[in-house]
Amino acid sequence: MGIYSVIGKNLAEVKDSLYHGRSGIIFDPARKALGFRSALTGMVDRPHLKGILDRRMRIGLPLQGEYAYISTLEALQHAGIEQPYLDAHEVGILFGNDSSALPVVESVDILRQKKDTMMIGSGYIFQSMNSTVSMNLSVIFRLKGVNFTLSGACASGSHAIGIGYLLIKQGLQEMIICGGAQEINPESTASFDALNAFSTRESEPTKASRPFDRDRDGLVPSGGAATVIIESYESALKRGATIYGEVIGYGFSSNGEHISMPNVDGPVRAMEKALSDAGIKPFEIGYINAHATSTPAGDRNEAQSIDLLFGKSKPMISSTKSMTGHEMWMGGASEVIYSTLMMNQGFVAPNINFENPDDATEKLNIASKTTPCEFNAFLSNSFGFGGTNSSLIIRKV
């Protein structure tokens, strides 16, 4: 696993933030100066890649690609995989990414100002495509296996892991680098702000993201990158790899209704499919990392869907978005990492800012503080615009 997150630039920092309920949300004056209704955002420093990666490789990387390069370096190191192994084996890459706004805006600005396409740098085409992360990393790491991008709104990172799991399960690949990446810049989130989707609790940035809380008033955008190396069990044994978890279930569905308003039925069907695929019952899930983004309707509908399936067993639940904000295309992958760290360390991270439930969320067993908890399997939900839903189940080996 590898992570470059607003709550930590590596696994050790992230684990510490999760345990202590540390938020990565800030007030960004630049957004307010641009006319944003909400200037709240997750924030992480841009990586310094000069001296680490040569200029020829850096030129095609957008911001989220830089994040993903760092998270993938850590994941490969964590997995004990070096370049000779990648050169000698067919290793694939599947990344979730659904925008690359800043390079598009910048290249169009140059065109309109200069009236000459030749003034647009050669790197912009590779930075601006949605497939930019998988495209660039496949070249940087000289990968020879499957290579494409999953574009599924805020479920992109989760679907990338799910599709990777299916390819390995079918025997079509032995190892795949999976993950999700999300740019952090005003250009990528301005249209979301125009939808009144963001919290306006600007006086208390770290208290703005309030999943499941009665007084939630919208999400907080965020980003970064997360990478997981998944491989067949036989491959892991052969390499002598440390196994942090096994993907045993992937469920997906489409709501088939409103383009931005979630419902209850779609998430229920995704979670049911994941349980069926895993061959386990609801009571065997010890923890759920909820999608819950801190929007009034979204959190209510997810709470109802979880209660329908898990109302009797009542597993512990939290939304790590309370600390990270909504990491969007990255979130489905990062939340698998957050939950895997918890499972292996024996605790559930808090759903910070959960002070008062509403009539739907009061039915859930929500962890409002860090809770020691031994569990052997978790479910991670990711939902997105267009009604796309993804549920993953990971188990201890």
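The values are calculated or read from the model by the stated rules, or taken from the named source; none is laboratory data. Note that the coordinates shown come from a computational prediction; the quantities given were computed from them, not determined experimentally. Every residue, glycine as well, gets a Cβ built from its backbone with ideal geometry; the counts of neighbours run over all protein chains shown.
Please find, within segment 274-307, the residue that is surrounded by the most Cβ atoms within 10 Å (Cβ to Cβ) out of those that are polar (S, T, N, Q) and part of a helix (DSSP H, G or I).
305
Mind counting the residues in segment 34-64 that are surrounded by 14 or more Cβ atoms within 10 Å (Cβ to Cβ) and more than 19 Å from residue 3 (Cβ to Cβ)?
The total comes to 9.
In the list 198, 126, which residue meets the criterion of being modelled with pLDDT of 95 or more, in contact with a helix residue (DSSP H, G or I) (Cβ under 7 Å, 6 or more places away or on another chain) and surrounded by fewer than 24 Cβ atoms within 10 Å (Cβ to Cβ)?
126
So which of 260, 319, 334 is polar (S, T, N, Q), out of contact with any His (no Cβ under 6 Å at 6 or more places or on another chain) and at pLDDT below 95?
Among 260, 319, 334, only 260 is polar (S, T, N, Q), out of contact with any His (no Cβ under 6 Å at 6 or more places or on another chain) and at pLDDT below 95.
Criterion first (within 30 Å of residue 262 (Cα to Cα) and either of a type in the set (A, V, I, L, M) or surrounded by fewer than 24 Cβ atoms within 10 Å (Cβ to Cβ) (or both)) does residue 222 satisfy it?
When the stated conditions are applied, residue 222 does not pass them.
Look through 149, 132 and report the one residue that is of a type in the set (Ser, Thr, Tyr), farther than 21 Å from residue 47 by Cα, surrounded by 14 or more Cβ atoms within 10 Å (Cβ to Cβ) and touching a residue at least 24 places away in the same chain (Cβ under 8 Å).
Answer to the check: 149.
Can residue 45 be described as touching a residue at least 24 places away in the same chain (Cβ under 8 Å), under 15 Å from the mean Cα position of the chain (by Cα) and in a loop (DSSP other than H, G, I, E, B)?
Spelling it out, it is not the case that residue 45 is touching a residue at least 24 places away in the same chain (Cβ under 8 Å), under 15 Å from the mean Cα position of the chain (by Cα) and in a loop (DSSP other than H, G, I, E, B).
Would you be able to say whether some residue in segment 262-273 is buried (at least 17 other Cβ atoms within 10 Å of the Cβ) and in a strand (DSSP E or B)?
No: zero hits.
Of the residues 180, 157, which single one is part of a helix (DSSP H, G or I), buried (at least 21 other Cβ atoms within 10 Å of the Cβ), under 19 Å from the mean Cα position of the chain (by Cα) and in contact (Cβ under 8 Å) with a residue 24 or more places away in the chain?
Within the list 180, 157, the selection yields 157.
When residues of segment 308-319 are filtered for being of a type in the set (Ser, Thr, Tyr) and either buried (at least 22 other Cβ atoms within 10 Å of the Cβ) or in contact with a Cys (Cβ under 8 Å, 6 or more places away or on another chain) (or both), how many remain?
So the answer is 2.
From the list 221, 262, 282, pick out the single residue that is without any contact (Cβ under 8 Å) to a residue 40 or more places away in the chain and either touching a strand residue (DSSP E or B) at 6+ places or on another chain (Cβ under 8 Å) or at negative phi (or both).
From the options 221, 262, 282, the qualifying one is 282.
If I filter segment 93-107 for residues that are among the acidic types (Asp, Glu) and within 30 Å of residue 354 (Cβ to Cβ), do I get at least one hit?
Yes, segment 93-107 contains at least one residue that is among the acidic types (Asp, Glu) and within 30 Å of residue 354 (Cβ to Cβ).
Does segment 194-222 hold any residues that are under 20 Å from residue 98 (Cβ atoms) and in contact with a Gly (Cβ under 9 Å, 6 or more places away or on another chain), and which are they?
Within segment 194-222, 197, 198, 219, 220, 221, 222 qualify.
Could you check residue 374 against (1) assigned to a loop (DSSP other than H, G, I, E, B); (2) within 23 Å of the chain's Cα centre (by Cα) and say which number it fails?
Unmet condition: (2).
Taking residue 362 and the conditions (1) surrounded by fewer than 24 Cβ atoms within 10 Å (Cβ to Cβ); (2) touching a residue at least 24 places away in the same chain (Cβ under 8 Å); (3) outside any loop (DSSP other than H, G, I, E, B), which numbered condition does it fall short on, given that it satisfies the others?
So residue 362 meets the others, but not (2).
Considering every residue within segment 333-350, establish whether at least one is part of a strand (DSSP E or B) and over 22 Å from residue 254 (Cα atoms).
yes
Any residue in segment 336-355 that's closer than 10 Å to residue 320 by Cα and free of Cβ contacts under 8 Å to residues at least 60 places away in the same chain: show its pairings with residues that are hydroxyl-bearing (Ser, Thr, Tyr) and buried (at least 24 other Cβ atoms within 10 Å of the Cβ) at Cβ separation under 7 Å, as long as the two are six or more apart or on different chains.
Qualifying pairs under 7 Å: 339/287; 339/380.
Any idea which of 93, 81, 52, 25 is more than 24 Å from residue 228 (Cβ to Cβ) and not hydroxyl-bearing (Ser, Thr, Tyr)?
25
Please verify whether residue 208 is aliphatic (A, V, I, L, M), buried (at least 18 other Cβ atoms within 10 Å of the Cβ) and out of contact with any helix residue (DSSP H, G or I) (no Cβ under 9 Å at 6 or more places or on another chain), treating the condition exactly as stated.
So residue 208 passes the test.
Among the listed residues 31, 37, identify the single one that is part of a loop (DSSP other than H, G, I, E, B), closer than 19 Å to residue 197 by Cβ and touching a residue at least 40 places away in the same chain (Cβ under 8 Å).
Being part of a loop (DSSP other than H, G, I, E, B), closer than 19 Å to residue 197 by Cβ and touching a residue at least 40 places away in the same chain (Cβ under 8 Å) holds for just one of 31, 37, which is 37.
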